[in-house]
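K.L.:
Below is the structure I would like to discuss, written out as structure tokens.
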Amino acid sequence: MQVVHTIAELRQLLARFDAPAFVPTMGNLHAGHLALVRQAKPLGDVTVASIFVNRLQFLPHEDFDTYPRTLQADCEQLAAHGCDVVFAPSETELYPQPQTFKVHAPAALGDLLEGHFRPGFFTGVSTVVMKLFQIVFGQSKGQGHAVFGKKDYQQLMVIRQMVRQFALPLSIHGGEIERAEDGLALSSRNGYLSTSERAEAVQLSLALKTLAAGVLGGEHNLAALEQHAMAALAQRGWAVDYLTVRRRDDLQAPGTPDFQPGQLVALGAAKIGQTRLIDNLEF
């Protein structure tokens, strides 16, 4: 495995390949990231992972400065799971001047849920991903592939729409959520949890299961289901941003015709202690 830190190095290295398979990350890797690398491996003729903590997608009060940087350990894990190239640029390499050109997601998708509670988040994500795509796939001769985890469900939808609308010559693949034995979705931010918070954290995924079970049991009053689920989590000490059921295809609130198998997803975001967690469940 080769580790490169500049755009020029990466482009020179990828020049002899036709169809990269790419996994963008912010590092501090866990089993979920490594599953994405394994998924990417058979898709292209070279497997590339990026490690870059992207300032543009953090709000001023969020954890950009304290987000764990574990490059050496990350590279060791990536090498063990068949990654061919790691691109780990510095901030000045990726943003040599202020990034004033930006990619904005449509409000109907980018301003709800995560976009509502983290304004500007999807602009930061879309901008850095578009830039990484240009760097990784800019000289590809064949079809490129990029793999994103389904835990960031809305992000995956935003990236898919961006690729479609800009007619980028690559396919976007979603990787299933990797979970701990108790059902907690794996996340780099799980490392912030205290022992007691870690034991409590599984309640977010259980709340989503309860929401889904309510709908599958015939309850179509989603507002009542969602309010009950949020209140139950709040009583346990959580600060809840949202627990909601949406259509999978556009994340809008479903109408009666949408209550069909395979059409819906329950999504949640809530903070336990100082750690904000997200999760979702397709049903």
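Nothing in this text is a laboratory measurement; each read-out follows from the coordinates by a stated rule. Owing to the predicted nature of the structure, the values given are computational and were not obtained by experimental measurement. Here the Cβ positions follow ideal geometry from the backbone for every residue, glycine too, while neighbour counts run over all protein chains shown.
K.L.:
I'd like the residue in the range 242-257 that is surrounded by fewer than 16 Cβ atoms within 10 Å (Cβ to Cβ) and of a type outside the set (S, T, N, Q) and, out of all such residues, is farthest from Val202 (Cα to Cα).
P.N.:
Only one residue tops the list, namely Pro257.
K.L.:
Here's another thing I want to ask about it. Tell me, which residue of the range 140-186 that is outside any strand (DSSP E or B) and aromatic (Phe, Trp, Tyr) is nearest to Ala105 (Cα to Cα)?
P.N.:
Result: Phe166.
K.L.:
For the range 239-258, does any single residue satisfy the condition of being over 28 Å from Ala105 (Cα atoms) and without any contact (Cβ under 8 Å) to a residue 40 or more places away in the chain?
P.N.:
There is no residue in the range 239-258 that is over 28 Å from Ala105 (Cα atoms) and without any contact (Cβ under 8 Å) to a residue 40 or more places away in the chain.
K.L.:
Given the conditions (1) exposed (fewer than 13 other Cβ atoms within 10 Å of the Cβ); (2) assigned to a helix (DSSP H, G or I), and given that Pro60 satisfies all but one, which numbered condition is not satisfied?
P.N.:
(2)
K.L.:
Filter the range 98-110 down to residues that are out of contact with any Ser or Thr (no Cβ under 7 Å at 6 or more places or on another chain) and surrounded by 14 or more Cβ atoms within 10 Å (Cβ to Cβ), then give me how many there are.
P.N.:
Going through the range 98-110 one residue at a time, the tally reaches 2.
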